[in-house]
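Visitor: A single structure is presented below for examination.
The values are calculated or read from the model by the stated rules, or taken from the named source; none is laboratory data. This is a predicted model, so every value here is computed, not measured. Neighbour counts are summed over all protein chains in view; Cβ atoms, including those assigned to glycine, are modelled from backbone coordinates with ideal geometry. Side chains included, ligands, DNA and RNA excluded: accessible areas come from the protein's heavy atoms. Shrake-Rupley method; radii C 1.70, N 1.55, O 1.52, S 1.80 Å.
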Amino acid sequence: MDHDLDAHLADAAAAIVAAVDLDEVRALDAELLGRRSVISTAKKRLGGLEADERRDAGRRLNEVRAELERLLDGRRTELESDERVHRLESERLDLTELDRGRRLGHRHVVTRTWEHLEDLFVGMGYTVVEGPEIEDEWHNFGALNFPLGHPARDMYDTLYVDYGESMSTLLRTHTSPVQIRVMETTGPPIYSVMPGRVFRSDTADATHMPVFHQIEGLVVDRDTTFGDLAGTIQAFTAAYFGADFESRLRPSYFPFTEPSAEFDIRRPDGSWLELGGCGMVHPEVLRACGLDPEEWQGFAFGFGLDRLALMRHGIDDLRELFRNDHRFLSQF
Ligand code: DAH
């Protein structure tokens, strides 16, 4: 019997070492220690032995059983740690992937246009100022020389906010109200740009969005001329688009500038694109901000950031910028 047990133990030890996973260890555990195992069967036969023999055989059986348990436990622990290593390995995130430029996230193309323009103007000595998106009627229209009921107010499909008196509070329709806020709070000389989000009750199409972005520029100083305005527009165009892009001014009308102009950009292929408006700050606007037009003159300009981003990247539909389709946005 001892010999049989030794052989059994040797076979069992080999099988345990060979077990490849925890399921196999579990099956071996049942086979080697369960009710129908060699050990259990031998134990049942002990009753037929003499007292001395029974004691020795019983002790030997217990030793073998303890050894089998030890071997099973050992193999189980080994496999458990293998499995953990394996799982960790399979769940590991390969962070080296992030080193490959195209997979790295980046800021939205409009945000980058915004920041690029800020950088250009800061480089030209301008400060960057922001104003509130919810405005009062005075800053958005009144101080900009749109009297109440003035037809030019209809140029803007204004979204009003249900606050205070009817039509007294609105979502700003342009960044021009920030000009007023700058003149009210800082005295001249002023050299500032004012980027921001603006709102109009427009239906989204390839060239319009109800929420879009503009950047405004304002210079107020002594002896500021229309030539300074034209030079500034040209300097910014060349810096942003490249030296082979040109700008031109066309006469236009805005209540807050006199004279007023629209400016276009000429692409290297010769085509002209309308970009924004500009002009000399209207004396009434200077007066509304407490400045004497005899002493101070200024120029202002404003244009859409989203359109600029479209032009620079050759995108043909404004709506694409705001669908948040990562496959589209990651190209820019
Ligand atoms: N605020 C005008 C608009 O949204 C754009 C504009 C035109 C801004 C002329 C200016 C300006 O500062 O001088 O249509």
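Visitor: Please work out which residue is nearest to the ligand (Cβ to nearest atom), limiting yourself to the stretch 169-186 and to residues that are open to solvent by less than 10 Å² (accessible area, probe 1.4 Å) and free of Cβ contacts under 8 Å to residues at least 40 places away in the same chain.
Guide: Looking at the filtered set, the residue picked out is T173.
Visitor: Still on this structure: Count, please, the residues in the stretch 40-70 that happen to be of a type in the set (G, A, S) and under 29 Å from A14 (Cβ atoms).
Guide: Qualifying residue count, the stretch 40-70: 5.
Visitor: List the helices (runs of 4 or more DSSP H) inside the stretch 227-332, counting only whole elements, that have at least 2 residues being more than 27 Å from R107 (Cα to Cα), open to solvent by less than 70 Å² (accessible area, probe 1.4 Å) and within 16 Å of the ligand (Cβ to nearest atom).
Guide: In the stretch 227-332, the matching helices (runs of 4 or more DSSP H) lie at 283-288.
Visitor: Just for the stretch 38-52: of the residues that are within 25 Å of R76 (Cα to Cα) and in contact with a helix residue (DSSP H, G or I) (Cβ under 6 Å, 6 or more places away or on another chain), which one is most open to solvent (accessible area, probe 1.4 Å)?
Guide: Among residues in the stretch 38-52 that are within 25 Å of R76 (Cα to Cα) and in contact with a helix residue (DSSP H, G or I) (Cβ under 6 Å, 6 or more places away or on another chain), the one most open to solvent (accessible area, probe 1.4 Å) is V38.
Visitor: Residues E69, E78, E115: which one is out of contact with any Phe, Trp or Tyr (no Cβ under 9 Å at 6 or more places or on another chain), open to solvent by 80 Å² or more (accessible area, probe 1.4 Å) and modelled with pLDDT of 85 or more?
Guide: Testing whether each residue is out of contact with any Phe, Trp or Tyr (no Cβ under 9 Å at 6 or more places or on another chain), open to solvent by 80 Å² or more (accessible area, probe 1.4 Å) and modelled with pLDDT of 85 or more leaves just E78.
Visitor: Within the stretch 216-226, does at least one residue satisfy the condition of being farther than 27 Å from R153 by Cβ, at pLDDT 95 or above, more than 10 Å from the ligand (Cβ to nearest atom) and open to solvent by less than 20 Å² (accessible area, probe 1.4 Å)?
Guide: Yes, some residue in the stretch 216-226 is farther than 27 Å from R153 by Cβ, at pLDDT 95 or above, more than 10 Å from the ligand (Cβ to nearest atom) and open to solvent by less than 20 Å² (accessible area, probe 1.4 Å).
Visitor: When you scan the stretch 10-30, how many residues do you find that are loosely packed, with under 14 Cβ neighbours inside 10 Å and in contact with an Asp or Glu (Cβ under 9 Å, 6 or more places away or on another chain)?
Guide: Here the count works out to 2.
Visitor: Mind checking which residues of the stretch 187-207 are under 29 Å from W296 (Cβ atoms) and within 10 Å of the ligand (Cβ to nearest atom)?
Guide: M194, V198
Visitor: List pairs: first in the stretch 150-168 and closer than 14 Å to F254 by Cβ and at pLDDT 85 or above, second within 14 Å of the ligand (Cβ to nearest atom) and open to solvent by 70 Å² or more (accessible area, probe 1.4 Å), Cβ under 7 Å, 6+ apart or cross-chain?
Guide: Close Cβ pairs satisfying both conditions: none exist.
Visitor: Now for a different question. Output the helices (runs of 4 or more DSSP H) that fall wholly within the stretch 1-110 and possess 1 or more residues being among the polar types (S, T, N, Q), farther than 30 Å from M311 by Cα and in the same structural domain as L305 (by TED's automatic domain parsing), or say none.
Guide: Hits in the stretch 1-110: none.
Visitor: While we're here: Which of the residues belonging to the stretch 154-170 are touching a helix residue (DSSP H, G or I) at 6+ places or on another chain (Cβ under 9 Å) and either small (G, A, S) or within 22 Å of G277 (Cβ to Cβ) (or both)?
Guide: Answer for the stretch 154-170, where residues must be touching a helix residue (DSSP H, G or I) at 6+ places or on another chain (Cβ under 9 Å) and either small (G, A, S) or within 22 Å of G277 (Cβ to Cβ) (or both): Y156, T158, S168, L170.
Visitor: So in the stretch 155-168, with the set limited to residues that are within 13 Å of the ligand (Cβ to nearest atom) and surrounded by fewer than 16 Cβ atoms within 10 Å (Cβ to Cβ), which one is nearest to D228 (Cα to Cα)?
Guide: M155
Visitor: Same structure, new question: Quick one: would you say P151 is open to solvent by 20 Å² or more (accessible area, probe 1.4 Å) and either farther than 23 Å from L229 by Cα or in contact with a Leu (Cβ under 6 Å, 6 or more places away or on another chain) (or both)?
Guide: Yes.
Visitor: Residue check: is L170 of a type in the set (A, V, I, L, M) and farther than 21 Å from L286 by Cβ?
Guide: So L170 passes the test.
Visitor: Consider V64 against the criteria (1) loosely packed, with under 15 Cβ neighbours inside 10 Å; (2) closer than 30 Å to D82 by Cβ: it satisfies all of them except one. Which criterion is unmet?
Guide: The single condition V64 does not satisfy is (1).
Visitor: Does any residue of the stretch 134-144 turn out to be closer than 30 Å to T237 by Cα and aliphatic (A, V, I, L, M)?
Guide: Scanning the stretch 134-144 turns up at least one residue that is closer than 30 Å to T237 by Cα and aliphatic (A, V, I, L, M).
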